[in-house]
Amino acid sequence: MATLEIWYDQKPDNDYGPGDPAILVTTHEELTAFIDRVSERSGDQPCPSVVEVSIAEDPYGFPTVNAGIGPDRGYVRVSGADDLRATPGSPDAVGERIYDFQGHETLVPASCEVPLTTVRLVLAAFLDHGGLIPADFPHLETVS
């Protein structure tokens, strides 16, 4: 297990000014509480929030995760050195969904949206496997 370093627009608790810390998560309980907080806040916004997750001990030595967390749906993209993997949502979904990353519109293929329970499973796997989610993990697929 690793310590996750999560970047998220934490207003009003944190104004993202110089020297502001990332959120550090080391347990499943902390991860669950964090996801619950972002999900709840996303319900009060025009579009769901995106968080960026890396491994605190070596943020550049492991894949980086971008996760959209809405009230009941979201997505995950894992950007590694060799590949890009994402949550496989409905293959029939068309178009894009709008998410918010620190006040900036982020367009996500609708086909990547999944239930929030799947987002939780992927983020827990990132924590459990120290940033190296196994290639055969069932809730991610390689994106070409």
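The values are calculated or read from the model by the stated rules, or taken from the named source; none is laboratory data. Here the structure is a predicted model, which means the values were calculated and not measured. No Cβ is skipped: glycine too gets one built from the backbone with ideal geometry, and neighbour counts run over all protein chains shown. Heavy atoms of the whole protein, side chains included, go into the accessibility calculation; ligands, DNA and RNA do not. Shrake-Rupley method; radii C 1.70, N 1.55, O 1.52, S 1.80 Å.
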Inset, instruction - Return the distance in nm (one decimal) between the two label points of a simple spin-label model at LEU132 and ALA33, each offset 7 Å from Cα along Cα→Cβ. - result: 3.0 nm
Legend entry - Solvent-accessible area per residue, Å², over the chain with all protein chains present [probe radius 1.4 Å]: 52 Å²
Inset, instruction - Excluding THR3 itself, calculate the net charge of residues whose Cβ lies under 12 Å from the Cβ of THR3, where each Lys or Arg counts +1 and each Asp or Glu counts -1. - result: -4
Inset, instruction - With no solvent and one equal point scatterer per Cα, compute the Debye intensity ratio I(q)/I(0) for the chain at 0.18, 0.20 Å⁻¹ and report its log10, rounded to two decimals. - result: -1.05, -1.31
Legend entry - Max mean-square fluctuation residue, GNM over the chain, Cα-Cα springs under 10 Å, options SER39, SER90, SER54: SER90
Legend entry - Cβ charges +1 (Lys, Arg) and -1 (Asp, Glu), total dipole of the chain, debye: 220 debye
Inset, instruction - Could you look at the chain and say what percent of its accessible area is carbon and sulfur, using a 1.4 Å probe and all protein chains? - result: 52 percent
Inset, instruction - Express in nm, to one decimal, how much length is gained between VAL143 and THR117 on full extension, taking 0.36 nm for each residue of separation and deducting their alpha carbon distance. - result: 7.3 nm
Legend entry - Part-to-part distance (alpha-carbon centres) for the range 23-81 and the range 99-144, which is given in Å: 9 Å
Inset, instruction - Compute the signed sum of charges (Lys and Arg +1, Asp and Glu -1) over the other residues within less than 9 Å, Cβ to Cβ, of LEU107. - result: -1
Inset, instruction - Give, as a single signed number, the net charge of other residues whose beta carbon lies under 13 Å from the beta carbon of HIS28, with Lys and Arg counted +1 and Asp and Glu -1. - result: -3
